[in-house]
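The values are calculated or read from the model by the stated rules, or taken from the named source; none is laboratory data. All of these numbers come straight from a predicted model, not from anything done at the bench. For neighbour counting, all protein chains shown are included, and Cβ atoms are generated from backbone atoms with ideal geometry for every residue, glycine included.
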Amino acid sequence: MYAVIRSGGKQYRVTKDDVLELERLDGETGDKIKLDEVLMIGEAGKSPTIGDPLVSGASVTLEVLDQVRGDKIDVIKFKRRKNYHRQLGHKQHLTKVKIAAISKSASKAKATATEDAPSEAASDT
């Protein structure tokens, strides 16, 4: 099973036990984080479930391995013949995570929740 998640403005295709670096997430080493921004879930041999824009009820559980900083990026501004040049550096804060679990939505639970809501509203009037 695989999922496409959104984190930090980027999309990642992940499977269970993948290790990747995402933009900084809150959490200490060993913490579990539940990510609800799942765009698509697929299994081998079956057609994928595509969200609109998110798959309702689906989530991915991440385990924080470490808080790190990425490689240094040099930012250079330069205008020729104007005696103008600036050089700055930047290191992005990253969170190294391991995908612990991918869970799909339970369509039965969603269907019963939507059926119960109108009957309660009708009984109040």
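So which residues in the stretch 90-106 are over 16 Å from ASP31 (Cα atoms) and either free of Cβ contacts under 8 Å to residues at least 24 places away in the same chain or surrounded by 15 or more Cβ atoms within 10 Å (Cβ to Cβ) (or both), if there are any at all? Even if it seems obvious, please write down each step before you answer.
In the first step, residues of the stretch 90-106 are kept if they are over 16 Å from ASP31 (Cα atoms); the result is 90-93, 102-106.
Passing the criteria: HIS90, LYS91, ILE102, SER103, LYS104, SER105.
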When you look at ARG24, is it surrounded by 12 or more Cβ atoms within 10 Å (Cβ to Cβ), modelled with pLDDT of 95 or more and in contact with a Leu (Cβ under 8 Å, 6 or more places away or on another chain), yes or no? yes
Restricting the search to the stretch 65-85, which residues are β-branched (Val, Ile, Thr) and more than 22 Å from the chain's Cα centre (by Cα)? ILE73, VAL75, ILE76
Here are some conditions: (1) over 18 Å from GLN92 (Cβ atoms); (2) modelled with pLDDT of 95 or more; (3) of a type in the set (Lys, Arg). ARG6 meets all but one. Which one does it not meet? (1)
Confirm whether ILE50 is surrounded by 15 or more Cβ atoms within 10 Å (Cβ to Cβ), within 18 Å of the chain's Cα centre (by Cα) and of a type outside the set (Lys, Arg). no
Among the strands (runs of 3 or more DSSP E) confined wholly to the stretch 1-89, which include 1 or more residues that are free of Cβ contacts under 8 Å to residues at least 60 places away in the same chain and either among the aromatic types (Phe, Trp, Tyr) or more than 21 Å from SER103 (Cβ to Cβ) (or both)? 10-15, 59-79
